[in-house]
Structure formats: structure tokens, C-alpha cells
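A short write-up of the structure that comes next.
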Amino acid sequence: MKMKKVLALVLAVVMLVPLLVGCGGSNNGNNGGSDKPIELRFANTQAQTGNWAIASETFKKEIEEKSNGRYIISVYYSDQLSGGDLVKGWEQVMSGEVDLDFRSIMNATSFEPRLLVMTMPWLFTSYDDVDRIIFNGEGGKAMAELLEAKGAHVLAFGENGFRQLTNNKRPVHTPEDMKNLKIRIPPNNLYISLFKKLGADPVNMSFSEVYTALQQNTVDGEENPWGTIKSANIQEVQKYCTVWNYSYDATALSINKKLWDKLSDADKAMFEEAAKKACQAEIDLSRASDADIRAEFEAGGMQINDLTADEIKAFQEICKPLYEEFREQIGDDLYAAFGYNG
């Protein structure tokens, strides 16, 4: 009788093992048949009030609905997960510490210098150029390949936009007006060289520190697209804005490469479709809101001036040598992919 009880217990354990194994899920896009949702962390540089939020929220909604709740996306705004460190944010998605990310490609130039090509001064003259080269051309493909090699698979490209200049000292119309202006720049060696050539004093600092630095006059100004300026309320602590469209900045909605490789083909298709829809919504909002943001800044007292074509030429002439200076670092193949054959 005692032996029968032991055999019954052993049999029960043997039958239970497959069930326990089947319930063991992980954060890899395959929950092994478990009813427990797969939770993914999604980092976003901007505050939830910024234009970029539409990309995160659209992606979250699409994935959670299309997967019937198999995936749960938690979005972390204002670079909460990286403590405001723009470069660390890229490193986190590449390492897998973060699953998904929406971030400026410019912030990846510190570990992949070839990506500097996108930010070269006055490389793009219009959004038509941007659409042809990045969103529908060889430039975008080349950037995606470079990021993939570092551990971040690009699901779709979004837009930060053309970058403008703000400061508290004076209106800027000529290179002479740039002399000795302390301008905060993102971590980008190209921008350091560029602003030094223009006679300014470039200062590298985390974006999360910019508002306070401007408020306390630690720096005189900064440069960013309209939407990014508004997302941090920089217009509250800046008197002047110069519209010069001197550099373009794209964003990427990316996923950790190892996580991507583990997804089923069906889930990969779902993620790509959701990302394209999310990024297109963000691009449309970004371009539609530029004029409204400008009007809002002017109504709030900011003095805004647009550089004429002749004024821009004066800046371009000074910055021309940068293309040769960075040729070896970027490479002729990447210049060609972005339409530059100088």
C-alpha cells in the first residue's frame, strides 16, 4: 500500500513537469503558450507632451490590439531609463536593457561616426530631399545597416526635423553675429567643428540640463527643431530664434536586435507595420505643427528672424571645408548614398 502511494506520487510529478515547462515564459517574443503577456519597455527621449509621443502611443496601441494582449508595451518618457543621457539611451536598446526605443539618430554618432553624414550642414534643402534620400532612398537603408551592426534593428524612421538656433544675446543674421555665443550642442563632433568655425563657443551637455542652463545664463543658446524646443519649454528662457534649417535630424523607432531575431515572422511583420504607421503619424504631426509652434513662440514674445538665401550662403561658405574634413570618417560611399558628390 505504501509502495502504491509512492508510485502514484512519482507519476503525478512526471505528469506535472511538462505543464511547468510549458508555463515558463520569457521576454523574447515567444511566451511558450503561457497566458501571461510579454512585457516590453519602450524608451522615448521627449516628454509625453512632445510630438514624439504620438509614435510611442500609436505603436503601443497597434501592438497591444493586434496581438490581442499578448504584448504589453510600457512607455518611459523624458529618458527616464537612461537618466537623461541621450547616448546611454541608444546603448540600452543595443544591449537589450531596453526593448524598444524612439530616439534621434544624431545621438548615435558618438559610437558610429559615419552617421554624421545625415547632419552635415545644408545637405538637405527641403523635405522633398529628406523623403527621397532617407525615407525612400539609399540614405535611410545605409543608416539602418549601421545601427543594425551595433545591435539596434530599425523598424521605421521618424523625424526630428530641421534644426533652428535660439539665443538670449542678439538676433543672428551673419556669421559675425555668432562670435562668442555659448551654444549648447548635442554630443556630435561635427557640430563642435561647425560652431567653432562660425566663431561660437559650443558646449556639450545633456538635453535634460538645457532649460536650467539657459535660465541661469550658463549658456547663451541652443539649437533644435521646433518640436523639440517646445517639448522642453525652451522658448520660455530664450529671446531670439534664427530660422536657418542648417541641419536635418531623423529619429528611429528601433528594437533590440537579439529580441528582433527571436520574434516569429508573423510578429516581425506586425511590429514593422505598427512602426511604420506610428512613425508616419509622428512625421505628419511634426511637419504640420511647425508653423503653429512658431506662431505660439512669437505670441509669447520670442523674436524670430528667417535668414535670406544670401545670408545662408555666407554661412555655407564657412562650413564648406567640413565636408572634406569629415570625408575620411564618413566615406565616399555614404556621401553618395546621401546625394553628395562634391
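Remarks
- Taken one residue at a time, the phi angles of the range 276-286 give Karplus couplings (6.51, -1.76, 1.60, θ = phi - 60°) of 5, 5, 5, 6, 5, 4, 5, 4, 4, 5, 4 Hz. Gly and Pro are set to x.
- When the pairs 61/239; 196/257; 182/320; 182/230 are compared against a 29 Å limit on Cα-Cα distance, 61/239; 196/257 fall above it.
- Using θ = phi - 60° and Karplus 6.51 cos²θ - 1.76 cosθ + 1.60, couplings along the range 143-159 (whole Hz; Gly, Pro as x): 5, 4, 5, 5, 6, 4, 5, 8, x, 10, 8, 7, 7, 6, 9, x, 9
- Springs between Cα atoms under 10 Å define the GNM used for the chain, and in it the highest mean-square fluctuation of 319, 241, 279 occurs at 319.
- For residue 198, the shell of other residues with beta-carbons less than 12 Å away shows a net charge of -2, using +1 for Lys and Arg and -1 for Asp and Glu.
- Between 114, 163, 132, the residue with the greatest mean-square fluctuation in the GNM of the chain (Cα pairs under 10 Å linked by springs) is 132.
- A quarter of the convex hull surface defined by the alpha-carbon atoms of the range 37-337 gives 14.4 nm² as the mean projection.
- On Cα atoms only, tilt of 309-319 relative to the major axis of the chain in degrees: 70
- Mean Cβ neighbour count within 10 Å, used as a protection proxy, ranking 53-60, 99-106, 230-237, 153-160 highest first: 99-106, 153-160, 53-60, 230-237
- Computed packing ranks the peptides 90-98, 177-185 as 90-98, 177-185, most packed first, by mean other Cβ atoms within 10 Å.
Values in this text are rule-based calculations from the coordinates and carry no lab data. Remember, predicted model here, so these are calculated numbers, not experimental data. Every residue, glycine among them, receives a Cβ derived from its backbone with ideal geometry; neighbour counts consider all protein chains shown.
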